[in-house]
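Enquirer: First the structure, which I've put down as structure tokens, then a few questions once you've had a look.
The values are calculated or read from the model by the stated rules, or taken from the named source; none is laboratory data. Quantities reported herein were computed from a predicted structural model and do not represent experimental measurements. Methodologically, a virtual Cβ is constructed for each residue, glycine included, from the backbone with ideal geometry; neighbour enumeration extends over all protein chains shown. Ligands, DNA and RNA are excluded from the accessible area calculation, which covers all protein heavy atoms including side chains. Shrake-Rupley method; radii C 1.70, N 1.55, O 1.52, S 1.80 Å.
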Amino acid sequence: MTDETTARAGREFYTFDGRILEVFGSYPKRFHIRNMDLRVTGPDRKGRRTVEIVAGPPEAPATQHTWHHSAEEWQRAQGLEALLEAVQAGIASAREHGHGA
């Protein structure tokens, strides 16, 4: 059994198992760490943060998915920041181990 990290932010429920990030909401999405880039920006002056995922290889990105979270949603989203940091670490590790193999 793998360790799974979960978080809820606004209407979305995030889950990450070390390789696959799934975002459940109106339109569920799945991303593999070897085929995505993740960026978290903010907070802006009102405390809002943006989570942006670009799917596809870095040299030819296919689609972009963006979620905007208010300051209140971000504060209530227990575990989201840690989950996103784990995803970023997974992406970095996959790139490090995938590019010389």
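Enquirer: Kindly provide log₁₀ I(q)/I(0) values, in the same order as q = 0.13, 0.20 Å⁻¹, from the Debye equation applied to equal alpha-carbon scatterers of the chain.
Expert: Values returned for q = 0.13, 0.20 Å⁻¹ are -0.45, -1.04.
Enquirer: Here is a further query. Whole number in Å², please: accessible area per residue of the chain, 1.4 Å probe, ligands, DNA and RNA not counted. Numbers along the way, then the final one.
Expert: Details: 6690 Å² over 101 residues.
I get 66 Å² per residue for this part.
Enquirer: Is the C-alpha gyration tensor of the stretch 14-64 telling us rounded, prolate or oblate? Criteria: a/c under 1.5 is rounded; beyond that, a/b larger than b/c is prolate, otherwise oblate.
Expert: Details: a/c = 2.00, a/b = 1.37, b/c = 1.46.
Because a/c hits 1.5 or more and a/b fails to exceed b/c, the stretch 14-64 counts as oblate.
Enquirer: Have a look at Y27, T50, T66 and report the one farthest towards the positive end of the charge dipole of the stretch 24-101, computed about the Cα centre with Cβ charges (Lys/Arg +1, Asp/Glu -1).
Expert: My answer, from the dipole projection, is Y27.
Enquirer: Which shape class, rounded, prolate or oblate, goes with the stretch 47-96 when its Cα gyration tensor gives a ≥ b ≥ c as root eigenvalues, a/c under 1.5 marks rounded, and past that a/b bigger than b/c marks prolate? Each step should come with its number before you reach the end.
Expert: Values: a/c = 3.96, a/b = 1.56, b/c = 2.53.
Because a/c hits 1.5 or more and a/b fails to exceed b/c, the stretch 47-96 counts as oblate.
Enquirer: Take the chain, mark every one of the trypsin sites (Lys or Arg not before Pro) that falls in a DSSP loop and has at most 10 other Cβ within 10 Å, then report the longest stretch left between them, sites excluded.
Expert: Here the longest segment lacking exposed loop sites spans 47-101.
Enquirer: Continuing with the same structure: Taking the Cα-to-Cβ direction at H68 and at A55 and moving 7 Å from each Cα, how far apart do the two end points lie in nm?
Expert: Here the answer is 2.2 nm between the modelled labels.
Enquirer: Can I ask one more? With +1 assigned to the C-beta of every Lys and Arg and -1 to the C-beta of every Asp and Glu, and no other charges, what is the dipole magnitude of the stretch 55-101 about the Cα centre in debye, to the nearest 20? Intermediate values should be presented prior to the final figure.
Expert: Numbers: 2 positive and 6 negative charges, 21 e Å.
So the magnitude is around 100 debye.
Enquirer: A further question follows. Tell me the mean residue ellipticity at 222 nm calculated for the chain from its helices only (DSSP H runs of n ≥ 4, each -39500 (n - 2.57), averaged over every residue, nearest 500). Before the final figure, lay out the partial values.
Expert: Details: 2 runs with 25 residues, N = 101.
Mean residue ellipticity at 222 nm (helix-derived): -8000 deg cm²/dmol.
Enquirer: Then there is this: Where nothing but the Cβ of Lys and Arg (+1) and of Asp and Glu (-1) is charged, how large is the charge dipole of the chain around its Cα centre, in debye to the nearest 20? Don't skip to the end; give the middle numbers.
Expert: On the way: 13 positive and 14 negative charges, 59 e Å.
The dipole magnitude comes to about 280 debye.
Enquirer: Also, I was wondering about something else. Any chance you could check the Cα centroid distance between the stretch 52-79 and the stretch 18-43 for me, in angstrom?
Expert: Going from one Cα centre to the other spans 6 Å.
Enquirer: Got a number for carbon plus sulfur as a percent of the chain's accessible area, 1.4 Å probe? Could you put the intermediate results ahead of the total?
Expert: On the way: 3110 of 6690 Å².
Carbon and sulfur: 46 percent of the exposed surface of the chain.
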